[in-house]
Amino acid sequence: MRKALRWLLSLTVLIGAAGAGSVPAGAATAAEPGVKDIKDRILAIPGMSLIEEKPVDGYRYFVLNYKQPIDHRHPSKGSFKQRLTVLHKDTDRPTVFQTSGYNVSTTAGRSEPTKIIDGNQVSMEYRFFTPSRPDPADWSKLDIWQAASDQHRIFKALKKVYGKNWLATGASKGGMTATYFRRFYPNDMDGTVAYVAPNDVNNREDSRYDRFFETVGSKECRDALNAVQREALVRRDEMTGLYKKWAKDNDATFKTVGSLDKAYESVVLDMVWAFWQYSSEKDCADVPKPDVSTDKLYAYVDAISGFSAYADQGLSTYTPYYYQAGTELGAPTLEYPHLDGLLRYPGYFTPRAYVPRDIPMEWKSGVMRDVDRWVKNRGERMMFVYGENDPWGAEPFRLGKKAKDSYVFFAPGANHGANVAGLTAGEKEKATSEILEWAGVASPSVRSGETAAKPLAEPDADLDRQRMERTLRP
């Protein structure tokens, strides 16, 4: 059986800025005569406080805290500080509301929609990811509605400063977050661009994932990966000996998962999934033969899955994700016929296994079905972008006949880093033109089809660098 949690990119698909027809980049660094400085305007918002301002060419960049209710249904019953960042270009430009669904990066970077529309960007840290965690933490207040309400309050507060159009975006859990935000507050955003967002409608039925792994890539590559995965379990004693040495050298413990051996089996089960999430067909040439030395086998599994992921020290950062996977989001479960007789803990690897036992968890049925039904029947100006070879796209969002001005695209050969830039030429132009239209910055020639739709911002090597941090999450 399979748990839901695997390697994910802590992806910030960072791209573009300062573009054709936009305000010169330098204009973002100084207030116009007689106009209050942008920092003063932001800090005038009740509950907003400054952590720091960082220099960014062509922008103002603020790391902030915003006072949020622990429970939006009962705002008087306590509050916490939630981190966010603002990448300010100009109040006359549209704004992108971006979240990863995890911690917020305090290093400036731009999402792909921010590059396309040449706008401002607000990025939010998801509630209960430290330091944006109430103390004491009432975990029952960690759900998709409460998080969407966090975004709603931030949007309402900053809309007074940034009055032009707003788009929501995010990748993976961030794409899920952007979708849930739109479901609960459908009138806040002018458009939503959700990247590689899983949609586990029925948590008990995961055969689509099994079918994905039966067909992804070439048969030769699938067979090679399965053989390495099996060999890692055949040589469990030798491999866990190396794992124990690593744990001793790094003071790693395994209280949450239960034992080093259970952590080891988790890492091995993740290996094939992690390969396709982050790698591509060309990387199949690097898959070792089953008779490789134990040291090289260990090194390969570590490079793909990461032996640090299931130690307490690796798990603790992502406790909020595992909690949500086991209470609302759902988790893929796979069959492993090629590992028959080698698994010691079948059925153990569920989200509950990765959350400390003192945190209660209860599954809430119907939550994802509600979102799926809303997207199909009431979704408007929504875009979902998936990678053809990304396991998380095996259960994507689909659109119904009642959805309006909405799209689902698959980037050929792409993994969990799929984006608009990786679509086929026609779809790329269509997606770009729709994003520009939703943001209110499409030119007449783009609208008429006379000019091809392109990102308005010029490339920036620092802000547009795609950060592919391998971390344990979906």
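The values are calculated or read from the model by the stated rules, or taken from the named source; none is laboratory data. Being a predicted model, the structure only gives us computed values, none of them experimental. Cβ: placed from backbone, ideal geometry, glycine included. Neighbour counts: every protein chain shown. For accessibility, only protein heavy atoms count, side chains too; no ligands or nucleic acids. Shrake-Rupley method; radii C 1.70, N 1.55, O 1.52, S 1.80 Å.
Listed by chain and number, the lysines placed with their C-alpha closer than 30 angstrom to that of K404 are K115, K156, K159, K160, K164, K173, K364, K376, K428, K430, K454; residues fewer than eight positions away on the same chain are left out. Can you give me the angle between helix 260-278 and the longest principal axis of the chain, using Cα atoms only, in degrees from 0 to 90, rounded to the nearest 10? Relative to the chain, helix 260-278 is tipped by roughly 50 degrees. Just the protein heavy atoms count here, and of the accessible area of the chain at 1.4 Å, carbon and sulfur take up 49 percent.
Rounded to the nearest 10 square angstrom, R447 shows an accessible area of 140 square angstrom against a 1.4 Å probe.
In the complete set of protein chains, residue-level accessible area for H74 is approximately 90 Å², probe 1.4 angstrom. The aspartates and glutamates within cross-link reach of K401, meaning a Cα-to-Cα straight distance under 14 Å and a gap of 8 or more places when in the same chain, are D372, E380. Solvent-accessible area per residue in the chain equals 40 Å², computed with a 1.4 angstrom probe and all protein chains kept. For E450, the accessible area of its heavy atoms, probed at 1.4 Å with every protein chain present, is near 150 square angstrom.
Rounded to the nearest 5, what is the percent of antiparallel bridges among the DSSP beta bridges in the chain?
Just about 55 percent of them are antiparallel.
Straight-line reach from K289: taking Cα to Cα under 16 Å and skipping same-chain neighbours fewer than 8 places apart, the lysines in range are K219.
Using only side-chain charges placed at the Cβ, +1 for Lys and Arg and -1 for Asp and Glu, the dipole size of the chain relative to its Cα centre rounds to 1380 debye.
To the nearest ten degrees, helix 367-378 and the longest principal axis of the Cα atoms of the chain are 50 degrees apart.
Residues T294, T424, T169 ordered from highest to lowest accessible area at a 1.4 Å probe: T424, T294, T169.
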